[in-house]
Amino acid sequence: MDLRLDDQQKALRDAVRDFTAREVIPNAAAWDEAERFPAEMMPRLGELGLMGMVAPEEYGGTGLDYVTIAVLLEELARGDASLALTVESHNSLCVAHLRFFGDESQKRRWLPGLASGKALGAWCLTEAGSGSDAADLRTRAERVDGGWRLNGAKMFITQGSVASVYVVMASTDRSKGSRGITAFVVPRGTPGLSAGRHIKKMGMRSTDTTEVVLEDVIVPDENRLGEVDHGFADTLRILDRGRIAISGLAVGIARAALEEAVKYAGQRVAFGHPIGDFQAIQWMLADAATEIDAARLLTWRAAWLHDTGQPFQAEASMAKLYSGQVAVKAADMAIQVLGGYGYTRDFPVERYLRDARLCEIGEGTNEVQRMLIARHLLATR
Ligand SMILES: Cc1cc2nc3c(=O)[nH]c(=O)nc-3n(C[C@H](O)[C@H](O)[C@H](O)COP(=O)(O)OP(=O)(O)OC[C@H]3O[C@@H](n4cnc5c(N)ncnc54)[C@H](O)[C@@H]3O)c2cc1C
């Protein structure tokens, strides 16, 4: 694997870095404080090509490889992890499901709007009673004349109240368990589809997270995404790729935390010295820098394996497990380096810690990643 980014990757990274410095970092704390979803940023993200990263160019996307996607999400998350999670979930869950499992007419119908950022995507798998054990979902889809009737409720859905396109996983044959689940596209405005409660969160507070309710929602068979009863198998493939993207996001939070800690260590004076002169502080910074590099390398390895058509699932789980932990640890370290100020909302490091914690839970908890890694080890004994 060549660890050097090519000229196009560098140009995209620099464009996102500039955009983040100008338009994201100055606003991130206010969006978090107000728990406000910054809808006005979506067309800007679309112009930058960030809303169609997973969509091929013929459908209006930028069709990026996963190494580049990880690099760009790191840049965006360095400024605001919430905004990066919006971009990540839109791309790696909703857009990816359409791209990898949609038929030609579905791709033509839905991808251009999603890639432009004019339409936002939500991906609805989790329910109040089923998260890690996602196949135990209760939302059901029954055949009706010409289509399907969906009933159920989804939980923790990112873009739950602001999306235009909802990909919904529903049970089509409960007796078959995970082999009886099918995915459907439900456009906003379909009678019976509504956003439920807005969920108040510890971090990622400017993402839009809600319940999604489906009451006698009727969709035509042309809105079925993938084969009947094959939705869960497709979902696992979507989550495999999503882990690479969320790892990039976690690395971005960790990097932001380290940069803040380094800056502060050079400025804060105690006992007549900048605190960066003290070995105790230096070691914290050095450990974090080493761990962040390791997390990025794991992320890029998983992305490179994916992009070169090799098995990448266990490596994606390793990247997600490790980079989520590194993000939490780096943010916690930064709070320590900033002392009392780190604990205040005058500095961003407390937000980094709240945001980073999601990386250990969303799109498969740390325990689920360990389960997947161990399964791989035991299967290849
Ligand atoms: C901010 C946010 C955004 C999200 N966005 C989306 C979204 O857009 N779409 C969507 O579908 N979902 C979304 N989710 C849901 C998320 O994927 C789930 O919360 C996550 O998968 C965990 O499921 P759970 O919350 O039901 O926890 P549970 O599955 O109930 O887990 C509780 C605890 O038990 C542990 N556990 C469970 N099973 C095992 C096991 N077999 N072995 C060991 N430990 C185990 C877990 O690791 C965890 O520690 C989001 C969640 C959050 C918080």
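The values are calculated or read from the model by the stated rules, or taken from the named source; none is laboratory data. Just so we're clear, the structure is a prediction, and the values are computed from it rather than from any experiment. With ideal geometry, Cβ positions are generated from the backbone for all residues, glycine too; neighbour counts draw on all protein chains shown.
Residue check: is S175 assigned by TED's automatic domain parsing to the domain that holds V212 and either within 8 Å of the ligand (Cβ to nearest atom) or in contact (Cβ under 8 Å) with a residue 24 or more places away in the chain (or both)? The answer is no for S175.
Of all residues assigned to the range 46-67, none qualifies as being touching a residue at least 40 places away in the same chain (Cβ under 8 Å), more than 21 Å from W110 (Cβ to Cβ) and among the polar types (S, T, N, Q).
If we scan the range 312-325, do we find a residue that is surrounded by fewer than 17 Cβ atoms within 10 Å (Cβ to Cβ) and either farther than 23 Å from T86 by Cα or among the basic types (K, R) (or both)? No, because not a single residue in the range 312-325 is surrounded by fewer than 17 Cβ atoms within 10 Å (Cβ to Cβ) and either farther than 23 Å from T86 by Cα or among the basic types (K, R) (or both).
Looking across G340, G309, one residue alone is surrounded by fewer than 22 Cβ atoms within 10 Å (Cβ to Cβ), on the phi > 0 side of the Ramachandran plot and not in a strand (DSSP E or B). It is G309. From the list L150, L114, L137, the one residue that fits, being of a type outside the set (K, R) and assigned by TED's automatic domain parsing to the domain that holds P38, is L114. Scanning the range 99-141 for residues that are within 15 Å of the ligand (Cβ to nearest atom) and of a type in the set (S, T, N, Q) returns T126, S130, S132, T139. Scanning the range 264-286 for residues that are part of a helix (DSSP H, G or I) and exposed (fewer than 14 other Cβ atoms within 10 Å of the Cβ) yields a count of 7. Is the range 143-155 home to any residue that is near the ligand (Cβ under 10 Å from one of its atoms) and touching a residue at least 40 places away in the same chain (Cβ under 8 Å)? Yes, that holds for at least one residue. Checking D355, D307 one by one, the residue that is more than 16 Å from the ligand (Cβ to nearest atom), touching a residue at least 40 places away in the same chain (Cβ under 8 Å) and among the acidic types (D, E) is D307 and no other.
Exactly one residue among A256, A314, A250 is more than 13 Å from A356 (Cα to Cα) and assigned to a helix (DSSP H, G or I), and that residue is A314. Against the test of being assigned by TED's automatic domain parsing to the domain that holds N223 and touching a Cys at 6+ places or on another chain (Cβ under 6 Å), the options V144, V167, V162 yield a single qualifying residue, V167.
Table: residues versus (1) surrounded by fewer than 22 Cβ atoms within 10 Å (Cβ to Cβ); (2) of a type in the set (K, R); (3) within 23 Å of V95 (Cα to Cα).
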site	(1), (2), (3)
R4	yes, yes, no
Q9	yes, no, yes
A30	yes, no, no
P56	yes, no, yes
G60	yes, no, yes
Y66	no, no, yes
I69	no, no, yes
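Against the definition (part of a loop (DSSP other than H, G, I, E, B) and either more than 20 Å from G102 (Cβ to Cβ) or in contact with an Asp or Glu (Cβ under 8 Å, 6 or more places away or on another chain) (or both)), how does R179 come out, yes or no? So R179 fails the test. Scanning the range 343-352 for residues that are more than 16 Å from the ligand (Cβ to nearest atom) and either buried (at least 24 other Cβ atoms within 10 Å of the Cβ) or over 19 Å from G79 (Cβ atoms) (or both) returns Y343, T344, V349. A Cβ distance below 9 Å, combined with a sequence gap of six or more or placement on separate chains, defines the contacts here; from the range 188-216, residues that are touching a residue at least 12 places away in the same chain (Cβ under 8 Å) and part of a loop (DSSP other than H, G, I, E, B) reach residues that are within 11 Å of the ligand (Cβ to nearest atom) and among the aromatic types (F, W, Y) in the pairs R188/Y166; T190/Y166; I199/F156. Among the residues of the range 161-175, which ones are touching a helix residue (DSSP H, G or I) at 6+ places or on another chain (Cβ under 8 Å), hydroxyl-bearing (S, T, Y) and surrounded by fewer than 24 Cβ atoms within 10 Å (Cβ to Cβ)? Of everything in the range 161-175, those that are touching a helix residue (DSSP H, G or I) at 6+ places or on another chain (Cβ under 8 Å), hydroxyl-bearing (S, T, Y) and surrounded by fewer than 24 Cβ atoms within 10 Å (Cβ to Cβ) turn out to be S164, T172.
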